[in-house]
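Have a look at the structure below, then the notes.
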Amino acid sequence: MATCDVCGNDYDKAFQVVSSDGTTRTFDSFECAIHAVAPSCNHCGCRVVGHGVEASGQIFCCAHCAGMAGVEGVKDRA
Ligand SMILES: [Zn+2]
Ligand SMILES: [Zn+2]
């Protein structure tokens, strides 16, 4: 049995995610994993769950947000 790091649910099908800083986190659902691990857009603040846009060391959910934050020449990746 494992307990979710976010909500504390004790769930027999919990899974683990190794985040970019090397720490292993335990979650009972993707919703909790996203809440804890997914980066947020530097412009609008939404969670970047799919392919985000990285520019000038910042992360954005889409090229529009990167542009609004003053990063030029960014296009969405297919
Ligand atoms: Zn949870
Ligand atoms: Zn955004």
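Just so you know, all these numbers are worked out from the coordinates, no wet-lab data involved. This one's a predicted model, so the numbers in the text were calculated from it and none came from an experiment. All Cβ positions, even for glycine, are placed from backbone atoms using ideal geometry, and neighbour counts span all protein chains on display.
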* To do: Being within 16 Å of ligand 1 (Cβ to nearest atom), buried (at least 17 other Cβ atoms within 10 Å of the Cβ) and either in contact (Cβ under 8 Å) with a residue 12 or more places away in the chain or not in a helix (DSSP H, G or I) (or both) narrows it down to one of Cys32, Cys65, so name that one.
  => Cys32
* Please determine, by comparing only the residues of segment 46-62 that are in a loop (DSSP other than H, G, I, E, B) and among the hydrophobic types (A, V, I, L, M, F, W, C), which one is farthest from the chain's Cα centre (by Cα). => Cys62
* Structure fact -> Within segment 35-45, the count of residues that are part of a loop (DSSP other than H, G, I, E, B) and within 12 Å of ligand 2 (Cβ to nearest atom) comes to 6
* **Meets criteria (in a loop (DSSP other than H, G, I, E, B), surrounded by fewer than 15 Cβ atoms within 10 Å (Cβ to Cβ), of a type outside the set (Lys, Arg) and within 16 Å of ligand 2 (Cβ to nearest atom)) for Asp76** => yes
* To do: Mind listing whichever residues of segment 37-62 are within 16 Å of ligand 1 (Cβ to nearest atom) and surrounded by 15 or more Cβ atoms within 10 Å (Cβ to Cβ)?
  => Val37, Ala38
